[in-house]
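Everything below concerns the one structure shown next.
The values are calculated or read from the model by the stated rules, or taken from the named source; none is laboratory data. None of these values were measured; they are calculated from a predicted model. Don't worry about glycine lacking a Cβ; one is built from the backbone with ideal geometry, like all the others, and counts go over all protein chains shown. To get the accessible areas, we keep the full protein, side chains included, count just its heavy atoms, and leave off ligands, DNA and RNA. Shrake-Rupley method; radii C 1.70, N 1.55, O 1.52, S 1.80 Å.
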Amino acid sequence: MRSFRLATILAIGAAIAACTPSSSGDAAVGDTGKSVELLNVSYDPTRELYEAINPKFKDSWKKATGQEVTINMSHGGSGKQARAIIDGLDADVATLALAYDLDEIAGQSDALSPGWQSRLPQNSAPYTSTIVFLVRKGNPKGIRDWDDLVRPGVAVITPNPKTSGGARWNFLAAWAYAARKYGGEKGAQEFVTRLFRNVPVLDSGARGATTTFSERGIGDVLLAWENEAFLAQKELGKDKFEIVVPSVSILAEPPVAVLDGNAKRHGTEKVAEAYLKFLYSPEAQDIIGANFYRPTGAAAKAKYASQFPQIDLVTIDGEFGGWQAAQKKFFADGGVFDRIFEQRR
């Protein structure tokens, strides 16, 4: 897949563009001029989604205001992207994999104000997804559910939860399954430790993990965003891969936010707000469904309902007490993941 092969090049190119004067408020004309630039810093698998959405928004904005808008993109592991913004990557909007990463930006920089999640519908998540398994055609290892991932000889591909939002969703989905089946905390930790002993490599982001599995041929099963699994089938062929739906997974809610501190300095607040509100429009919601994300709008949700399997989905709030609690317990330095990773060696 072209996007899989060029993932690193695109991410680096966009980040370089973000640091050039053309993406700053000094060079952009701003909301009142004839042209304006936005930088959208996003997580790994959204390249194709925004390649489809951005031209539609540009046309809509031009028609409504007469103003040309250029949208630059940067993609990478969600945690790494959040850290880049905190360290000064001068973005106007962030469309990341999980709310914790945006909370970190709000807590550690002036790029984003607290209370960001209440500014748009559905807790600022215009689309959702979940975690499924991608296996090779014929499913040679007979993988049907989470228990099959801890069998000897099954190589599991997942990114690093320290840098990838998708990897954190993967980890928590596995934990939720094991906690239900094996008696809570102790059984879950033993299960997930066994799972990570079967992980031969940890890529920094979801798209890198997909490349490792689909193009480098490493591993028997990929823990994947649902949209990424569908895309791999579409681009690389149903004759090469199959999707396996586990009995339990997690409702992933990737949030979006105007980085209001940055946008105010750039003079891009109005266009940035309109850009994210456009994601909730019927036109964008249809694009979201067509790109294998689960829409939140009623019409698109009904149109694409048959595309998505019915899964028992736990939620981050219901199962783990929200992202702040989950991050502290599982993914902070010295947390559960660090202890599991040490035991896998």
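Does residue 172 satisfy being more than 20 Å from residue 141 (Cα to Cα), hydrophobic (A, V, I, L, M, F, W, C) and open to solvent by 40 Å² or more (accessible area, probe 1.4 Å)?
Working: more than 20 Å from residue 141 (Cα to Cα): yes; hydrophobic (A, V, I, L, M, F, W, C): yes; open to solvent by 40 Å² or more (accessible area, probe 1.4 Å): no.
Judged against the criteria, residue 172 is not a match.
Can you tell me which residue is nearest to residue 44 (Cα to Cα) among those in the stretch 192-213 that are out of contact with any helix residue (DSSP H, G or I) (no Cβ under 7 Å at 6 or more places or on another chain) and outside any helix (DSSP H, G or I)? I'd like the intermediate steps shown before the answer.
First, pick out the residues of the stretch 192-213 that are out of contact with any helix residue (DSSP H, G or I) (no Cβ under 7 Å at 6 or more places or on another chain): 199-200, 202, 209, 212-213.
If we keep only those that are outside any helix (DSSP H, G or I) too, we end up with 199-200, 202.
Values: 199: 20, 200: 21, 202: 15 Å.
Only one residue fits best here, namely 202.
What number of residues in the stretch 214-241 are in a strand (DSSP E or B) and either β-branched (Val, Ile, Thr) or open to solvent by 50 Å² or more (accessible area, probe 1.4 Å) (or both)?
1
Residues that are surrounded by 15 or more Cβ atoms within 10 Å (Cβ to Cβ), of a type in the set (A, V, I, L, M, F, W, C) and modelled with pLDDT of 95 or more: does the stretch 12-34 have at least one?
no
If the Cβ limit is 9 Å and pairs must be 6+ apart or interchain, which residue in the stretch 249-272 that is closer than 21 Å to residue 34 by Cα pairs with which residue that is open to solvent by 10 Å² or more (accessible area, probe 1.4 Å) and assigned to a strand (DSSP E or B)?
Correct list of pairs: 266/37; 268/37; 268/258; 269/258; 272/258.
Check the stretch 271-279 and report whether any residue there is open to solvent by 20 Å² or more (accessible area, probe 1.4 Å), farther than 23 Å from residue 93 by Cα and part of a helix (DSSP H, G or I).
no
Does residue 206 meet the test of being at pLDDT below 95, of a type in the set (A, V, I, L, M) and under 19 Å from the mean Cα position of the chain (by Cα)?
Considered against the rule, which asks whether it is at pLDDT below 95, of a type in the set (A, V, I, L, M) and under 19 Å from the mean Cα position of the chain (by Cα), residue 206 comes out as yes.
Residue under question is residue 68, and the condition is that it be touching a strand residue (DSSP E or B) at 6+ places or on another chain (Cβ under 6 Å), modelled with pLDDT of 95 or more and not polar (S, T, N, Q); does it hold?
Numbers: touching a strand residue (DSSP E or B) at 6+ places or on another chain (Cβ under 6 Å): yes; modelled with pLDDT of 95 or more: yes; not polar (S, T, N, Q): yes.
So residue 68 passes the test.
Looking only at the stretch 305-319, which residues are open to solvent by 30 Å² or more (accessible area, probe 1.4 Å) and either touching a Leu at 6+ places or on another chain (Cβ under 7 Å) or of a type in the set (Phe, Trp, Tyr) (or both)?
313, 315
Which condition number does residue 44 fail, the rest of (1) modelled with pLDDT of 95 or more; (2) within 30 Å of residue 233 (Cα to Cα) being met?
(1)
With the requirement that a residue be within 25 Å of residue 224 (Cα to Cα) and part of a helix (DSSP H, G or I), what does the stretch 40-69 give you?
44, 45, 46, 47, 48, 49, 50, 51, 52, 53, 54
Within the stretch 70-91, identify whether any single residue is assigned to a loop (DSSP other than H, G, I, E, B), of a type in the set (A, V, I, L, M, F, W, C) and under 30 Å from residue 240 (Cα atoms), and answer yes or no. Step through it out loud before you land on a result.
Taking the stretch 70-91 and keeping what is assigned to a loop (DSSP other than H, G, I, E, B), we get 77, 87-91.
Add one more test, that the residue is of a type in the set (A, V, I, L, M, F, W, C), and what stays is 89, 91.
Checking the rest, the ones that are also under 30 Å from residue 240 (Cα atoms) come to none.
No, there is no match, as no residue in the stretch 70-91 is assigned to a loop (DSSP other than H, G, I, E, B), of a type in the set (A, V, I, L, M, F, W, C) and under 30 Å from residue 240 (Cα atoms).
Look at residue 326 and say whether it is crowded, with 21+ Cβ neighbours inside 10 Å and either outside any helix (DSSP H, G or I) or touching a strand residue (DSSP E or B) at 6+ places or on another chain (Cβ under 8 Å) (or both).
no
Can you give me the number of residues within the stretch 92-143 that are polar (S, T, N, Q), surrounded by 16 or more Cβ atoms within 10 Å (Cβ to Cβ) and part of a loop (DSSP other than H, G, I, E, B)?
3
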